[in-house]
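Report on the following structure.
The values are calculated or read from the model by the stated rules, or taken from the named source; none is laboratory data. These figures come from a predicted structure and were not determined experimentally. Please note: Cβ atoms are built from the backbone with ideal geometry, for glycine as well, and neighbour counts cover all protein chains shown.
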Ligand code: PEP
Ligand code: MG
């Protein structure tokens with residue numbers, strides 16, 4: 001026997017199982033698994049993803065023995081169903097659907113009712129005794145097959161359908177009778193001819209065309225785009241599987257129907273049965289949002305027995321897969337069939353709540369819960385909300401379904417491509433569509449939020465927005481969207497392209513105009529609980545980059561275990577300080593400078609006291625002044641006069657200083673430790689402020705602090721030695737003078753490649769290292785961190801770099817410097833504490849890399865602390881347990 005390409009499942013027995021996602025795709029593996037578990041799944045078979053791979057690897061041809069295997073499986077399917085494929089009396093009809101190892105909702109094509117032709121349709125009439133249903137199925141098949149397999153525009157069929165309804169003076173599809181549908185079938189065939197195509201009456205021709213269509217769709221623009229957006233790399237998946245399953249019919253009367261259900265509420269995560277049900281309908285009616293479905297409970301009234309069975313199966317499937325399931329089902333004349341189950345997409349809020357609840361229910365353990373929630377979920381629950389006052393005053397113009405939570409405000413665009421362009425140009429964009437389709441995914445991703453006029457909670461717009469974590473309101477039916485002319489209308493309100501609109505994806509409200517969005521503060525409930533578990537597994541410390549007590553407070557609330565970076569110069573920019581800082585800069589003599597510094601000293605001391613107090617004994621790393629001095633002086637002519645007057649010199653004098661301070665490459669210029677070498681009095685003042693703050697807190701409030709004094713931009717050990725000496729002399733003298741015991745550390749940033757390379761030397765003089773990966777990236781690549789916008793986008797587009805190295809650490813270059821410098825440093829001094837305080841410290845992807853090194857902690861901006869805690873825990877579980 002050659003290779004096995006086809007996996008059969010029927011009547012409680014399947015050749016595959018849930019572990020075989022790689023070759024059966026998610027859908028196929030779960031169908032097999034459910035069959036094995038005795039769940040009522042219609043019989044069928046899966047053509048493995050290896051066929052798709054073979055197809056693209058071999059010049060778009062199939063394995064030789066595939067035909068034989070497919071035909072054998074069809075024969076078996078005929079046996080178990082007691083029907084015949086192409087049999088005019090008892091026709092077997094099948095669905096043909098795609099399914100890769102990772103679910104890509106709506107990305108690939110599905111064909112239903114395959115096997116119908118002019119003869120078998122009569123058999124279906126006979127079998128079901130329902131002529132209307134048979135011809136409805138036939139015309140649906142013609143439409144789907146024509147569109148999906150032969151590329152005939154969907155709209156042509158839709159127009160013919162609309163025309164037919166108009167002729168009859170009816171509104172709903174269901175109001176068309178069998179005769180109308182028969183005529184429609186003929187019209188549809190004419191449409192095929194118009195496009196130079198022939199509808200194949202041969203059912204095997206239909207089948208192969210459908211298989212080919214599914215395999216083609218793997219390489220469709222929208223599937224490629226989806227993989228790109230979701231970071232699915234080429235070669236990571238083999239391809240799509242093709243699932244061929246015996247059809248069951250939800251449109252056989254009022255004891256039939258179809259629906260989608262979730263074992264929990266995918267929006268809130270609440271443990272309730274949740275879903276939608278549409279009586280007397282086929283699945284695509286629900287997904288396409290053509291008819292608005294009922295809530296699931298309605299099924300209880302309509303088909304109680306099938307409802308009870310469904311509930312029991314929901315419980316079973318969730319317990320079996322130990323995760324919330326998204327289940328597609330159909331009831332055919334009272335009999336329930338499960339068509340699909342998969343791990344359900346959920347909002348971030350739901351993801352966290354479900355993970356936590358499932359631990360409490362004993363379904364999963366804490367480690368699984370911590371691994372199951374994405375760092376981005378944590379980020380999203382700190383979702384923007386509307387400013388309450390502005391929201392109260394805003395006009396609600398419509399209400400739709402709250403499909404994906406969070407508040408969004410933006411300029412409206414009615415075309416996904418235009419929206420994408422506008423967002424690229426830096427605009428805040430709100431995408432408004434009648435309904436969305438997979439082609440719109442790019443625009444949806446670029447938009448702040450999404451609004452649709454049609455569709456339910458399981459429509460494409462809702463599912464995709466939730467997956468992207470974008471606020472969305474769907475099915476706001478009172479809104480009329482005119483995409484061609486670029487406006488929406490609701491009542492007598494008209495909003496044109498480019499005008500502002502706001503949506504609340506948590507309530508479903510649509511507001512006229514722009515509303516300021518604000519981030520929610522604080523962590524509580526399930527998020528706090530999950531993060532407390534994360535902390536149990538976390539081996540990487542998480543500190544905050546915080547400059548003022550206010551930031552330190554937020555950081556503590558978010559769970560920071562200290563401050564990894566206080567950029568002292570940020571305090572200098574405060575309104576009451578800047579004149580004093582400027583006086584210090586324009587000082588002509590050392591005495592003048594010292595006088596100005598003396599005025600700054602008490603202010604800095606109070607700042608540091610505030611920070612230390614807020615951090616309650618946690619370590620606080622304070623970095624001495626870093627930026628070039630010209631940053632503190634005005635550059636614009638207009639401000640010169642005012643500033644000159646403020647600091648008591650003439651405009652000419654000020655201009656001269658500004659000129660003197662001018663540098664061609666300020667980022668490589670007179671900054672960091674170089675400033676401290678040339679103006680040691682600045683180091684003296686800042687050291688005094690830090691040490692005095694610690695002494696006073698200890699004496700006055702009994703708070704013990706071990707200040708960590710940090711020197712920026714060191715590249716040579718002698719720079720460090722020189723400044724360290726000044727710090728130690730100043731600090732020790734003060735400590736002696738006050739007669740207290742106070743420990744303090746002196747360390748350095750590692751942000752110049754030379755420092756990383758000579759880390760063993762530098763470690764001899766340093767108590768700690770903190771990697772400034774912003775500068776380290778800048779200096780390792782030689783990319784100005786302020787100007788990368790000019791070329792980096794093209795670098796990314798052309799694939800020269802995989803990602804922006806200022807966002808995710810460059811693991812092969814900059815990352816290696818961090819790794820080796822940490823190792824070298826710790827070899828010389830085992831107590832050397834090492835952390836990262838560049839922006840990468842709050843980036844989950846970078847944190848994952850840092851966990852593979854010997855670093856002790858990462859330091860991130862306060863709002864990223866929760867994300868960093870989770871990412872660090874996940875990385876620790878993966879690499880350090
Ligand atoms: C760094 O360079 O990574 C750093 C933290 O310092 P700054 O961003 O202030 O230059
Ligand atoms: Mg720096």
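Considering segment 245-283 alone, what residues qualify as being modelled with pLDDT of 95 or more, surrounded by fewer than 23 Cβ atoms within 10 Å (Cβ to Cβ) and under 30 Å from residue 209 (Cα atoms)? Selection gives 246 alone. A count restricted to segment 759-775 and to residues that are more than 18 Å from residue 853 (Cβ to Cβ) and either more than 12 Å from ligand 1 (Cβ to nearest atom) or not assigned by TED's automatic domain parsing to the domain that holds residue 809 (or both) stands at 4.
Annotation note: of 675, 692, 664, the sole residue that is part of a helix (DSSP H, G or I) and within 44 Å of the chain's Cα centre (by Cα) is 675.
I'd like to check something: does segment 859-879 contain any residue that is assigned to a strand (DSSP E or B), within 18 Å of residue 775 (Cα to Cα) and in contact (Cβ under 8 Å) with a residue 24 or more places away in the chain? Yes: one or more hits. Exactly one residue among 338, 313, 352 is touching a helix residue (DSSP H, G or I) at 6+ places or on another chain (Cβ under 8 Å), crowded, with 20+ Cβ neighbours inside 10 Å, at pLDDT 90 or above and within 17 Å of residue 274 (Cα to Cα), and that residue is 338. Can you pull out every residue in segment 542-554 that is crowded, with 20+ Cβ neighbours inside 10 Å and over 13 Å from residue 610 (Cβ atoms)? Selection gives 542, 543, 544, 545. Looking only at residues in segment 623-643 that are over 24 Å from residue 678 (Cα atoms) and surrounded by 14 or more Cβ atoms within 10 Å (Cβ to Cβ), the one that is farthest from ligand 2 (Cβ to nearest atom) is 640. Restricting the search to segment 388-411, which residues are farther than 14 Å from residue 508 by Cα and either in contact with a helix residue (DSSP H, G or I) (Cβ under 9 Å, 6 or more places away or on another chain) or outside the structural domain of residue 423 (by TED's automatic domain parsing) (or both)? If the condition is that a residue be farther than 14 Å from residue 508 by Cα and either in contact with a helix residue (DSSP H, G or I) (Cβ under 9 Å, 6 or more places away or on another chain) or outside the structural domain of residue 423 (by TED's automatic domain parsing) (or both), then 410, 411 are the ones that fit.
Among the residues of segment 591-601, is any assigned by TED's automatic domain parsing to the domain that holds residue 671, under 22 Å from residue 745 (Cα atoms) and touching a residue at least 40 places away in the same chain (Cβ under 8 Å)? Yes, segment 591-601 contains at least one residue that is assigned by TED's automatic domain parsing to the domain that holds residue 671, under 22 Å from residue 745 (Cα atoms) and touching a residue at least 40 places away in the same chain (Cβ under 8 Å). Tell me yes or no: at least one residue of segment 705-716 is farther than 19 Å from residue 567 by Cβ and assigned to a helix (DSSP H, G or I). No, there is no match, as no residue in segment 705-716 is farther than 19 Å from residue 567 by Cβ and assigned to a helix (DSSP H, G or I). Screening residue 304 on (1) modelled with pLDDT of 90 or more; (2) buried (at least 20 other Cβ atoms within 10 Å of the Cβ) shows it passes everything except condition (2). Condition (residue is surrounded by fewer than 16 Cβ atoms within 10 Å (Cβ to Cβ), within 16 Å of ligand 1 (Cβ to nearest atom), in contact (Cβ under 8 Å) with a residue 12 or more places away in the chain and within 30 Å of residue 857 (Cβ to Cβ)) applied to segment 648-667: is it met by at least one residue? The answer is yes; a qualifying residue exists.
Is there any pair with a first residue in segment 758-783 that is over 19 Å from residue 859 (Cβ atoms) and a second that is assigned to a loop (DSSP other than H, G, I, E, B) and within 15 Å of ligand 2 (Cβ to nearest atom) whose Cβ atoms are under 6 Å apart and which are 6 or more apart or on different chains, and what are they? Here the result reads 779/752, each pair linking segment 758-783 to a residue that is assigned to a loop (DSSP other than H, G, I, E, B) and within 15 Å of ligand 2 (Cβ to nearest atom). Residues that are in a loop (DSSP other than H, G, I, E, B), more than 15 Å from ligand 1 (Cβ to nearest atom) and over 23 Å from the mean Cα position of the chain (by Cα): does segment 792-799 have at least one? Checking segment 792-799: at least one residue is in a loop (DSSP other than H, G, I, E, B), more than 15 Å from ligand 1 (Cβ to nearest atom) and over 23 Å from the mean Cα position of the chain (by Cα).
Identify the residue in segment 741-750 that is buried (at least 17 other Cβ atoms within 10 Å of the Cβ) and closer than 22 Å to residue 567 by Cα and, among all such residues, is nearest to ligand 2 (Cβ to nearest atom). Residue satisfying both the conditions and the ranking: 749. Taken across segment 690-704, residues that are within 16 Å of ligand 1 (Cβ to nearest atom) and assigned by TED's automatic domain parsing to the domain that holds residue 745 do not occur at all.
Filtered by the rule that a residue be assigned to a helix (DSSP H, G or I) and more than 15 Å from ligand 2 (Cβ to nearest atom), segment 822-841 gives 822, 823, 824, 825, 826, 827, 828.
For segment 786-806, taking the residues that are within 20 Å of residue 847 (Cβ to Cβ) and within 16 Å of ligand 2 (Cβ to nearest atom), the one that is surrounded by the fewest Cβ atoms within 10 Å (Cβ to Cβ) is identified as 806. Annotation note: of 753, 707, 680, the sole residue that is on the phi < 0 side of the Ramachandran plot, in the same structural domain as residue 829 (by TED's automatic domain parsing), within 16 Å of ligand 2 (Cβ to nearest atom) and buried (at least 17 other Cβ atoms within 10 Å of the Cβ) is 753. Among the residues here, residue 423 does not qualify as assigned to a helix (DSSP H, G or I), in contact with a strand residue (DSSP E or B) (Cβ under 9 Å, 6 or more places away or on another chain) and surrounded by 22 or more Cβ atoms within 10 Å (Cβ to Cβ).
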